[in-house]
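Presented below is the structure to which this report refers.
The values are calculated or read from the model by the stated rules, or taken from the named source; none is laboratory data. Please read all numbers here as calculations on a predicted model, not as lab measurements. In this analysis, Cβ positions are derived from the backbone assuming ideal geometry, glycine residues included, and neighbour counts consider all displayed protein chains.
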Amino acid sequence: MKSVEKSASLLKLNKRELTLATSVLVGASALVLGKYVYSALNSRSGSSEEDQDSALVVNEERSIPDVMKAKSKDVVIIYGTQTGTSEDLAKRLSRSLQSDFSANPMVIDPQDFDVESLSRIGEGKIVVFLLSSTGDGEPTDDMISWYNKLIPENTPTNDDYSSLEAPKFQVPESEEISPDYVYDKDKPLKNLTFASFGLGDSSYVDFNAHSKHVTRRLVSLGATLLGPHGLGDGSKDTGADFAKWKDTVVPLIVDHIGLKPSSGSSAPYVADWIITEINKNAPIYDKKKFVKFRYSNIENESDLPPEQIKVDISNPWNSMVISAKHLSSPENEKSIVHIEFDISDSSITYTTGDHLYLWPFNFDLNVDSLFALMDVDPEQVINIVPNPDSTNSGSLPYSFNTYKNVLTFFMDVTTPTTQDTIKDVLMPNVKSQVGTEYLSKLVKDNDFYTEEIKKPVTSPGELLTKLVSIEADSNVSENERFKLKFDILLSMLPRQSPRQYSISSSSLETPNKVSASVAVLKYKNVNGLNRYGVSSNFIAAAVDVQIQKYGTLDGRAPSKVEPFDPPYALRHKMLTTELVQNNDFRIPIYIRKSTFKLPEDPRIPVVMVGPGTGLAPFRGFVRERAQMVISGVEDLGATVLFFGNRHERLDFIYGDELTDCFSTLGNNNPDSKLFTAFSRDIPGKKVYVQDRVIENGDLVYKLLFEQGGYFYICGDGSRMAVDVAKALKDIISLHGDKSSDPEEILNQMKKVGRYQSDTWYNGK
């Protein structure tokens, strides 16, 4: 194995351990460092005595220019991600720059570096920002620190920031920029050149706001934007948007750093990871740093009591499942489940309307199909560290794993392999002519790629199996055949990302319990093969385990799945191994604050539209308002909910409790009502939520436009949300001032937070 040739000392240390080792060296050389800092402050180019007194001390490990210099990098790609998409795009862009142009890029997580060091990035270097927006245009968790330093809280975000005071940056040394460079504290980034691409959703009023604000702010601080500011739209095709932007910007990046396209073949393939097989008896092996299951205790777990341990997206909490049930009838073609977690033993708090993030793990059948292509023992203990020669700067959470645990818990083994990855990772490792021709066609022929990979949602394992089959059918010689190595596979796969769900419980009613309502995704692809949503089927299996071992409120049996189905295998694994012990079944979760909230004043009316599992946040809203009535609130505004599904008998989820809640709410305010639309109950007459909104236009207009109510919508953004918006416009036109523009009225509601959306796009 290639990794054996690497330095043993590197293999023994993960990122945390390297940091500890470094701290010893730093402590031993404190006097020298102090002398260096003093000298540096006095050599800053063009800085006054006042600037020197207030200059920031440089931490080289967190300084982007210092790390770039130490690693001889000319491009730094910074991602801001909530679910891993922009990180994956960053790695793809990095590989492309390295392979096609022999550039020396590096990909970084902003949490590991100081934004103040951007001012010291010199000429001939470039920074690329790939920033996702989360919620309604909010910065991602990993970018919050940078964002708040660049744009302080409560700063108006509707201008170019030219009047906003510049934050304090590190003052460059004369040789870092150019001999004649003079630092300008009002334009501290005038030496910085950057490119920018945002990932957002145009159905939200603040489309790509995170990326837009950061880009404008950098320009206001003197930075130069290279090329167009790309805006990816998740409601359409972010991948296509990124490819178009990349084709325009990459030549500009290459020209800026003084490179030309690589002549002849691509640059040699460099694996992202170094993998070393470990003997359990070896001195370096520490079983405390070995993960047995994804939701084992984190490595180096704090000695603090649980309620004092910070929980965030980098450190989720292993929360106990305390309740689970099926919401839809077993006869229903789609399964919908309810799962509830105990957070009383943690530092987690939430507010009704927040989002729950949950980490699933992969089905054994998908993982085993990959091991069938490799000559490794899945249970072999390994150590994995980032390859310093690659652009990868990430690390896995645990020092020691098995091959199987890595694929089961940490990597995405189902998302189709991108054309970039096929070109930059697979093709350099394929020797045969037939294999190269097949992969080359996938890369160059978009229609062929769509038919082979995109439409059938072909997994990496299926792609690799077909490649091996093509070579076997063509009698490729043994020494020419493709042989999958684990480092190649890891370079192909994105990391497993947490899945986001709207919280369906009320923090007022159950502050120590949080629930989610999940539609289980299972369908057949264009070739008739079963496809399963990884997270939803993981949750469904967990629900079945809870029911089978501990019972359920409604006494319903576990869902019916065939023995060859991945959910069946997963459920069996949960029941027969250590995954469920002592009535204590835990899943890693994290809660993120949301702006999708009830009005602070309970007297304000609310109108909600939530068909299917779009009901989830509104179950929490309705229970919250009902709890207010029970608690003695008398002057409560009207609460109106429009809910829809296919069949009242089969999938009227939470039907009984909604009826009870609206009985309570209706006794307090006669305008509080529940309206339902079941599209398949009457043959030949489909009725949808937008039809019910129109039918009750008088009430909707009164509550929203005469009483200043809040409007909320959750669910499918591709059709339902569009149709409901049209219904609202029709109501305004019918009942409102004829000179008013319905579109402008709704836009104004969105700007002031009275029209809130939580929508998604159904794509397979």
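Some points to look at:
- Residue list for segment 455-489, restricted to those being hydrophobic (A, V, I, L, M, F, W, C) and either in contact (Cβ under 8 Å) with a residue 60 or more places away in the chain or assigned to a helix (DSSP H, G or I) (or both): V457, L463, L464, L467, V468, I470, A472, L484, F486, I488, L489
- Of the numbered criteria (1) within 30 Å of K483 (Cβ to Cβ); (2) part of a loop (DSSP other than H, G, I, E, B); (3) of a type outside the set (A, V, I, L, M), the one N366 fails is (2).
Let's see how each residue does on (1) aromatic (F, W, Y); (2) touching a Ser or Thr at 6+ places or on another chain (Cβ under 6 Å); (3) farther than 15 Å from S63 by Cα:
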| position | (1), (2), (3) |
| --- | --- |
| A90 | no, no, yes |
| S102 | no, yes, yes |
| V115 | no, no, no |
| I121 | no, no, no |
| I144 | no, no, yes |
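- Among the residues here, L728 does not qualify as surrounded by fewer than 15 Cβ atoms within 10 Å (Cβ to Cβ) and among the hydrophobic types (A, V, I, L, M, F, W, C).
- Residue check, E624 buried (at least 21 other Cβ atoms within 10 Å of the Cβ), under 20 Å from L674 (Cβ atoms) and acidic (D, E): yes
- Counted residues, segment 428-449 - those being in contact (Cβ under 8 Å) with a residue 40 or more places away in the chain and either of a type in the set (A, V, I, L, M) or in a helix (DSSP H, G or I) (or both): 5
- Residue check for K513: under 26 Å from D88 (Cα atoms) and either out of contact with any Lys or Arg (no Cβ under 8 Å at 6 or more places or on another chain) or surrounded by fewer than 23 Cβ atoms within 10 Å (Cβ to Cβ) (or both): no
- One residue alone among S99, S119, S132 is among the polar types (S, T, N, Q), on the phi < 0 side of the Ramachandran plot and outside any helix (DSSP H, G or I), and that residue is S132.
- Residues in segment 722-764 that are polar (S, T, N, Q), at pLDDT 85 or above and within 21 Å of Y501 (Cα to Cα): 3 in all.
- Taking the conditions (1) part of a strand (DSSP E or B); (2) in contact with a Ser or Thr (Cβ under 6 Å, 6 or more places away or on another chain) in turn, F197 satisfies each one other than (2).
- Residue match in segment 372-385 (condition: small (G, A, S) and outside the structural domain of A542 (by TED's automatic domain parsing)): yes
- Criterion violated by S262 - all others in (1) surrounded by 14 or more Cβ atoms within 10 Å (Cβ to Cβ); (2) modelled with pLDDT under 85; (3) touching a strand residue (DSSP E or B) at 6+ places or on another chain (Cβ under 9 Å) satisfied: (3)
- Some residue of segment 693-705 being in a helix (DSSP H, G or I) and hydroxyl-bearing (S, T, Y): yes
- Options I322, I309, I313; residue that is farther than 23 Å from S504 by Cα, modelled with pLDDT of 80 or more and β-branched (V, I, T): I309
- Qualifying residue in segment 213-231 (condition: outside any strand (DSSP E or B) and more than 22 Å from G122 (Cα to Cα)): yes
- Segment 212-246, subset at pLDDT 95 or above and of a type in the set (A, V, I, L, M), residue nearest to G80 (Cα to Cα): V214
- Test: P110 is surrounded by 19 or more Cβ atoms within 10 Å (Cβ to Cβ) and free of Cβ contacts under 8 Å to residues at least 40 places away in the same chain: yes
- Selection status of T417, within 28 Å of A103 (Cβ to Cβ), in contact with a Pro (Cβ under 8 Å, 6 or more places away or on another chain), modelled with pLDDT of 95 or more and not basic (K, R): yes
- Taking the conditions (1) within 25 Å of H338 (Cβ to Cβ); (2) touching a helix residue (DSSP H, G or I) at 6+ places or on another chain (Cβ under 9 Å); (3) surrounded by fewer than 15 Cβ atoms within 10 Å (Cβ to Cβ); (4) of a type in the set (D, E, K, R) in turn, D656 satisfies each one other than (2).
- Filter result (of a type in the set (D, E) and touching a residue at least 24 places away in the same chain (Cβ under 8 Å)) within segment 217-240: D233
- Candidate set from segment 180-191 (those that are touching a helix residue (DSSP H, G or I) at 6+ places or on another chain (Cβ under 8 Å) and surrounded by fewer than 20 Cβ atoms within 10 Å (Cβ to Cβ)); member that is nearest to G80 (Cα to Cα): K185
- Selected residue (only one of D142, D201 is in contact with a Pro (Cβ under 7 Å, 6 or more places away or on another chain) and crowded, with 20+ Cβ neighbours inside 10 Å): D142
- Residue in segment 443-459 that is closer than 22 Å to S102 by Cα, surrounded by fewer than 20 Cβ atoms within 10 Å (Cβ to Cβ) and not assigned by TED's automatic domain parsing to the domain that holds D88 present: yes
- Only residues that are within 29 Å of the chain's Cα centre (by Cα), farther than 30 Å from Y183 by Cβ and not polar (S, T, N, Q) were counted across segment 217-273, and they come to 23.
- Yes/no for V518 being at pLDDT below 95 and either in contact with a helix residue (DSSP H, G or I) (Cβ under 8 Å, 6 or more places away or on another chain) or not assigned by TED's automatic domain parsing to the domain that holds N315 (or both): no
- F675 surrounded by fewer than 23 Cβ atoms within 10 Å (Cβ to Cβ), in contact with a Lys or Arg (Cβ under 6 Å, 6 or more places away or on another chain), under 23 Å from I732 (Cβ atoms) and of a type in the set (F, W, Y): yes
- Any pair with Cβ under 6 angstrom, 6 or more apart, that starts in segment 346-367 at a residue that is touching a residue at least 60 places away in the same chain (Cβ under 8 Å) and farther than 30 Å from E462 by Cβ and ends at one that is part of a loop (DSSP other than H, G, I, E, B) and basic (K, R): G353/K597; D354/K593
For every residue, the table says whether it meets (1) among the hydroxyl-bearing types (S, T, Y); (2) assigned to a strand (DSSP E or B); (3) not assigned by TED's automatic domain parsing to the domain that holds I108.
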{"position": "I322", "(1), (2), (3)": "no, yes, yes"}
{"position": "G394", "(1), (2), (3)": "no, no, yes"}
{"position": "N401", "(1), (2), (3)": "no, yes, yes"}
{"position": "F409", "(1), (2), (3)": "no, no, yes"}
{"position": "T414", "(1), (2), (3)": "yes, no, yes"}
